[in-house]
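The values are calculated or read from the model by the stated rules, or taken from the named source; none is laboratory data. These numbers were taken from a predicted model, which means no experiment stands behind them. Glycine also receives a Cβ, built like all others from the backbone with ideal geometry; neighbour counts cover every protein chain displayed.
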Amino acid sequence: MNTHQAQILEALEGRLQYRFKDRAGLLRALTHRSAVPGDQVAHESYQRHEFLGDRVLALVVAEMLFTAYPREEEGDLARRLNQLVRRETCAEVATDLDLGAVVRLGAGERQSGGRRKEAILGDVAEAVIAAIYLDGGFDAARDFVLRNWKPRMENLTGPLRDSKTLLQEWAQGRGQGLPAYSIVDRSGPDHAPTFRVVVTIDGEAAGEGQGKSKRDAEQAAAAEALANRAG
């Protein structure tokens, strides 16, 4: 690592409010797959870090919501969770921390505006969470998430979007097919039926729910799919 690179990472640590014991993990968290040879992507790019950071973020935000909203039901908590951990929110955090300026990209990705791409920014934010977790442990990662996500939780305004909408946005944001809902069971008398619905994404079951109407059952299935995704 040369002096200029070390200065860039030191300035970034100031914005992150965390000093790394080993900056190699931070450097990997900032490295897009386009910046490394194809056979080294799994180990030298941020992909594995993004996978881990996504889970750490979901756990910390879930705990934060559980504490902040003691009277809310699971479905409402799941909707808040998915608004806070979705790619757009992660990209906002990355922008606030100016991660786009330091992410390592291949020439083609740089020329196509990769430093401003929402998908890359969101992934890098999650990868940085993983880097902090691996370097300093859960408490350090938790502190980082709370600093950057708690104000966003407190500033959530307007009605919570329904679970079906959030699940559709989640699937589309990852290049997957639209969720499909199927009634797998109908029980009870005609005047008070209960429906059981399964939602699938790209042919795979993602969640199941039941309700007194098809709409309620679909919403319950979508909420379970979102909860499964967050877990």
When the residues of the range 1-54 are narrowed to those that are basic (Lys, Arg) and either assigned to a loop (DSSP other than H, G, I, E, B) or more than 20 Å from the chain's Cα centre (by Cα) (or both), which ends up surrounded by the fewest Cβ atoms within 10 Å (Cβ to Cβ)? Lys21
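Taking the residues in the range 75-92 that are of a type in the set (Lys, Arg) and in a helix (DSSP H, G or I) as candidates, determine which candidate is surrounded by the fewest Cβ atoms within 10 Å (Cβ to Cβ). Write out each step before concluding.
Filtering the range 75-92 for residues of a type in the set (Lys, Arg) gives 79-80, 86-87.
Of the ones still in play, those that are also in a helix (DSSP H, G or I) are 79-80, 87.
Working: Arg79: 23, Arg80: 20, Arg87: 18.
Looking at residues that are of a type in the set (Lys, Arg) and in a helix (DSSP H, G or I), I get Arg87.
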Taking the range 175-197 and keeping residues within 16 Å of Ser213 (Cβ to Cβ) and of a type in the set (A, V, I, L, M) leaves Ile183, Val184, Ala192, Val197
Say whether the condition of being at pLDDT 90 or above, under 29 Å from Gly53 (Cβ atoms) and in contact with a Lys or Arg (Cβ under 7 Å, 6 or more places away or on another chain) is met by at least one residue in the range 209-231. yes
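Per-residue answers, yes or no, for (1) over 23 Å from Glu74 (Cα atoms); (2) in contact with a Phe, Trp or Tyr (Cβ under 8 Å, 6 or more places away or on another chain); (3) without any contact (Cβ under 8 Å) to a residue 60 or more places away in the chain:
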{"position": "Val103", "(1), (2), (3)": "yes, no, no"}
{"position": "Leu146", "(1), (2), (3)": "no, no, no"}
{"position": "Ala171", "(1), (2), (3)": "no, no, yes"}
{"position": "Pro179", "(1), (2), (3)": "no, no, yes"}
{"position": "Gly188", "(1), (2), (3)": "yes, no, yes"}
I want to confirm something. Restricting to the range 93-141 and keeping residues that are in a loop (DSSP other than H, G, I, E, B) and touching a Ser or Thr at 6+ places or on another chain (Cβ under 9 Å), which single residue is surrounded by the most Cβ atoms within 10 Å (Cβ to Cβ)? Val103
Across the range 36-54, what is the number of residues that are of a type in the set (Gly, Ala, Ser) and either within 24 Å of Arg142 (Cα to Cα) or modelled with pLDDT of 90 or more (or both)? 2
